[in-house]
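K.L.:
I'd like to ask some things about the structure below.
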Amino acid sequence: MAATDLQLVKPGRLISLDVFRGATIAFMILVNNQGIPGNEYGPLAHGSGYEVTPTDWVFPFFLFIVGVAMPFSFARRLNQTDGQKGSIYKKIIRRTILLFALGMLLNIYPKFNFGTWRIMGVLQRIALCYFFTSLIVLNLKRKGQLIAIVVLLLGYWTLMVLFPYPGKGPDPWSFSNNFNDWLDRHILGPFMWHPYEAELKSLLGTLPAICNTLIGYQAGVCLLSQRRPLEKATRIFVSGTMLTVLGLFWVYWMPFTQRLWTSSFAVYMSGLGLLLLATAYWWIDIQGHHRGLAPFIHFGSNAIVAWCASELLSSTLNWIRVIHGGESINLHVLICEHGLLPNMSGANASLTYGLCHVLLWWGVLAFMYRRRWLVKI
């Protein structure tokens with residue numbers, strides 16, 4: 001990391017957490033801005049069916065990171081208010097509403113068709129996970145928090161398998177007929193996403209997703225504790241190993257898929273998150289290796305800005321249409337198939353297009369970071 005960038009990091013701040021967040025949001029921008037749909041390299045596309053690719057790691061990791069950061073934020077505010085929780089609840093409600101509203105704005109932009117306005121989305125799920133995790137950790141002690149994780153994971157399994165909804169089929173994990181989709185159709189109606197995108201936007205899938213955030217919170221508590229740094233890293237790494245194995249073992253009773261955000265998937269992804277966090281904490285904060293981390297610090301410092309701005313740009317490029325060769329096409333297609341990338345293979349063109357998005361926003365975020373324009377929600 002450049003010395004000037006490192007000097008801007010507040011003393012005592014976990015650089016590894018910023019790097020983990022930044023790497024996650026940068027990869028999220030990359031995989032969500034592939035140039036030619038269907039031509040992506042395999043790891044840069046969501047897994048089909050019960051397959052899981054690195055792209056499927058991104059959203060669970062972001063929810064996990066939200067949880068890791070929460071103990072630091074709550075501890076600072078509790079110290080400022082002598083342990084009074086009133087101001088924290090106000091911030092929680094404010095942040096939840098802002099995130100949810102931003103997500104709904106992204107859903108309706110740029111056509112503003114209120115008849116098909118989608119209610120759920122990426123930021124909406126983050127908002128709900130943040131809200132319910134906050135309520136749990138502020139009102140339950142550690143044992144109660146762990147019990148809440150178990151109840152949410154098993155509760156999701158119970159509802160998916162045992163709830164007797166009309167038209168229930170023999171396979172509770174069918175992508176075309178499951179309780180998850182039935183609940184969305186009856187609550188959200190026309191304001192729901194296509195069933196194939198339910199892994200990011202369903203109501204019931206939020207239950208195990210909350211566990212990703214709750215488990216991240218437990219890791220944050222460990223990092224905030226007075227234990228020796230190496231002991232913290234070891235505890236988090238061992239916990240990650242146990243959860244990863246448990247998630248894989250649970251596959252024998254529950255399918256492993258992001259499309260339904262099953263409990264086995266939530267546990268497995270939390271385990272991977274813990275392993276990566278422990279490794280990053282040991283390498284960066286304990287061993288002091290900071291070289292080459294500046295791009296991730298820039299993305300991590302304004303993660304929500306990076307996500308929202310990239311989504312707005314992508315939607316704009318898909319919306320604006322031009323005439324090329326007598327045919328009306330959008331700017332996305334013009335760039336990928338007729339403009340900058342016409343002579344590349346499909347996969348290379350898609351990857352190049354995504355990397356251009358990442359580089360563009362890295363430049364913007366680096367400019368903001370060095371002027372300390374940090375947008376907090």
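K.L.:
For the range 99-156, what are the residues that are of a type in the set (K, R) and in a helix (DSSP H, G or I)?
P.N.:
R125, R142, K143, listed by residue number.
K.L.:
Go through the range 52-68 and report how many residues are touching a residue at least 60 places away in the same chain (Cβ under 8 Å) and more than 18 Å from S202 (Cβ to Cβ). Working first, answer last.
P.N.:
Here is the first cut: in the range 52-68, the ones touching a residue at least 60 places away in the same chain (Cβ under 8 Å) are 52, 56-57, 59-68.
From what is left, the residues that are more than 18 Å from S202 (Cβ to Cβ) are 57, 61, 64-68.
Adding up the residues that qualify gives 7.
K.L.:
If you go through the range 76-87 one residue at a time, do you hit one that is assigned to a loop (DSSP other than H, G, I, E, B), of a type outside the set (D, E), touching a residue at least 40 places away in the same chain (Cβ under 8 Å) and exposed (fewer than 13 other Cβ atoms within 10 Å of the Cβ)?
P.N.:
Taking every residue of the range 76-87 in turn, none turns out to be assigned to a loop (DSSP other than H, G, I, E, B), of a type outside the set (D, E), touching a residue at least 40 places away in the same chain (Cβ under 8 Å) and exposed (fewer than 13 other Cβ atoms within 10 Å of the Cβ).
K.L.:
OK, next. Run A198 past the list (1) aliphatic (A, V, I, L, M); (2) farther than 27 Å from S315 by Cα; (3) modelled with pLDDT under 90 and report the number of the one that doesn't hold.
P.N.:
That leaves (2) as the condition not met.
K.L.:
Does any residue in the range 215-231 that is crowded, with 23+ Cβ neighbours inside 10 Å come within less than 6 Å, Cβ to Cβ, of a residue that is aromatic (F, W, Y) six or more places away or on a different chain, and which pairs are these?
P.N.:
G216/F64
K.L.:
Restricting the range 25-74 to residues that are among the polar types (S, T, N, Q) and in a helix (DSSP H, G or I), which is farthest from L331 (Cα to Cα)?
P.N.:
S73
K.L.:
For R259, state whether it is over 17 Å from Q145 (Cβ atoms), touching a Phe, Trp or Tyr at 6+ places or on another chain (Cβ under 8 Å) and assigned by TED's automatic domain parsing to the domain that holds D171. Give the steps one after another, and end with the answer.
P.N.:
Values: over 17 Å from Q145 (Cβ atoms): yes; touching a Phe, Trp or Tyr at 6+ places or on another chain (Cβ under 8 Å): yes; assigned by TED's automatic domain parsing to the domain that holds D171: yes.
Considered against the rule, which asks whether it is over 17 Å from Q145 (Cβ atoms), touching a Phe, Trp or Tyr at 6+ places or on another chain (Cβ under 8 Å) and assigned by TED's automatic domain parsing to the domain that holds D171, R259 comes out as yes.
K.L.:
A further question follows. Take the conditions surrounded by fewer than 21 Cβ atoms within 10 Å (Cβ to Cβ) and under 20 Å from the mean Cα position of the chain (by Cα) and apply them to P71. Does it pass?
P.N.:
Yes: the conditions hold for P71.
The values are calculated or read from the model by the stated rules, or taken from the named source; none is laboratory data. If you're wondering where the values come from, they're calculated on a predicted model, not measured in any experiment. Positions of Cβ are generated from backbone atoms using ideal geometry, with glycine treated the same way; all protein chains shown enter the neighbour counts.
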